[in-house]
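A.B. asks: First the structure, which I've put down as structure tokens, then a few questions once you've had a look.
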Amino acid sequence: MDINHINLPASAIASLYSSSLVDTGEITTTIEIHAIEKTPVHDPGKTGEFRSLGDNAKNILVVVNSSEAVHLADSDLQFLTNMLTACKLSLADVAIVNINRQPASYKELITLYKSRIALLFDIEPAGFGLPMSFPFYQIQPFAHCSFLYVPSLQEIEKDKIEKSKLWVSLRRLFNI
């Protein structure tokens, strides 16, 4: 987004022009503002039809499958945050979408979030709509995006070997 392409919600536009645009003293001209309500992708609350956590500043999609929470359980979120920090990233850089609460395909989410990297935690690629299968920890380029399929956050956190496999993949993925 640059200075010439600023998206404002309809409520902000309406508040800017609440009474009138031109006041000539004699006749008051009022303009009705009809704007489309659009929530920006980086909104940590609701994005289009999908709820996400994070600001998506670096177009990195983190897809989880958690039945325990809206986005992630606190322990999983803490582990994910530590993992992102090790990669010199933060929650501001990613968008976390829980497809357990809102089923979606890769096409919908990659398009909506303009993702260049997608981390799939315990979500099989074929089950996510990808036209292929690939093993854990393999970086798979497809549709202008690099996908990384890994076990659940709980499994990785409990197992040192899984953590080291993830770390090797993340270092390659993020050029660390």
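The values are calculated or read from the model by the stated rules, or taken from the named source; none is laboratory data. Keep in mind the model is a prediction, meaning the values are calculated, not measured. Every residue, glycine as well, gets a Cβ built from its backbone with ideal geometry; the counts of neighbours run over all protein chains shown.
A.B. asks: Tell me, yes or no, whether region 122-143 has at least one residue that is among the hydroxyl-bearing types (Ser, Thr, Tyr) and either over 17 Å from Val64 (Cα atoms) or out of contact with any strand residue (DSSP E or B) (no Cβ under 7 Å at 6 or more places or on another chain) (or both).
C.D. replies: Yes, region 122-143 has at least one match.
A.B. asks: Can you pull out every residue in region 54-70 that is modelled with pLDDT under 90 and surrounded by 20 or more Cβ atoms within 10 Å (Cβ to Cβ)?
C.D. replies: Matches in region 54-70: Ser66 only.
A.B. asks: Could you pull out the residue among Ile110, Ile99, Ile117 that is of a type outside the set (Ser, Thr, Tyr) and in contact with a helix residue (DSSP H, G or I) (Cβ under 7 Å, 6 or more places away or on another chain)?
C.D. replies: Ile117
A.B. asks: Which one is nearest to the chain's Cα centre (by Cα) among residues in region 82-118 that are surrounded by 19 or more Cβ atoms within 10 Å (Cβ to Cβ) and part of a helix (DSSP H, G or I)?
C.D. replies: The residue in question is Tyr113.
A.B. asks: Still on this model: Looking only at region 159-170, decide whether some residue is outside any helix (DSSP H, G or I) and among the basic types (Lys, Arg).
C.D. replies: No: zero hits.
A.B. asks: Among the residues of region 122-129, are any among the hydrophobic types (A, V, I, L, M, F, W, C) and under 12 Å from the mean Cα position of the chain (by Cα)?
C.D. replies: No - not one qualifying residue is present in region 122-129.
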